[in-house]
Amino acid sequence: MPESPLPASQHATQRGGRRSGKGRVLVDQQVVERCLAGDERAWEKLYRKCHPRLRKAIELLLGVDASDGHVIEEIASRVWYALWKDNHRLLATYDADRDSALDGFLMGLARIEILRYTRSERRRHSHEMSGGRSRLEEQRVSDWQLATMMDEFTSTLTSGERQFMERFLTGPVDDQTDAELENLPATTVWTRRYRIRRKLNRFLENL
């Protein structure tokens, strides 16, 4: 049997790397299963673990278009919402044996959401050119009209979304508000922000 050109310590490092890689995938699978079982703490752990790397992946995928941090956060929110909605149906498709690391699975979802975001932005710009929000900019809209529009939009929200918007999005911002927002589960924050933003876009497009 020919002698291996690699030192024994390097062989051990490679074997250890493979084991640690498999270990990470196993941990990912366990966290996903806990999320699917409705474990809120598992969702928090998943978010803290994957969100920074997801943002970095989106930044790399966007390339020259990654200068706007709001776009990166928007797409990341869409990925998390896609995992959360429909009783976590999309997250349930994750298979550690097939998809390997969860980061790669999330990157695939990010690519899809980037394409959807790009298409939606094109439709929005086209709509603004033909009317919609651009008409509001051409008209003198009174405070009363704006208040009426906000009331009309608020009526399309659920009670939980309405309370979240009034407390954290349109209300006064102070240290107490920041502290309350910090103490909310991350899943609550990004799901409600995304839902409200999506409903607002649809409301404005139909003006």
Quick check on ARG140: is it farther than 21 Å from ARG195 by Cα, part of a loop (DSSP other than H, G, I, E, B) and either within 25 Å of the chain's Cα centre (by Cα) or at pLDDT below 70 (or both)? yes
Taking only pairs six or more apart or across chains, which ones have beta-carbon atoms under 9 Å, a first residue in segment 171-198 that is not assigned by TED's automatic domain parsing to the domain that holds ASP39, and a second residue that is in a helix (DSSP H, G or I) and among the β-branched types (Val, Ile, Thr)? GLY171/THR177; LEU181/VAL189
Filtering segment 66-119 down to residues that are free of Cβ contacts under 8 Å to residues at least 24 places away in the same chain and among the polar types (S, T, N, Q), which residue is surrounded by the most Cβ atoms within 10 Å (Cβ to Cβ)? THR118
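The values are calculated or read from the model by the stated rules, or taken from the named source; none is laboratory data. Since this is a predicted model, take the numbers as computed values, not measurements. Quick reminder, even Gly has a Cβ in these numbers, built from the backbone with ideal geometry, and neighbours come from all protein chains shown.
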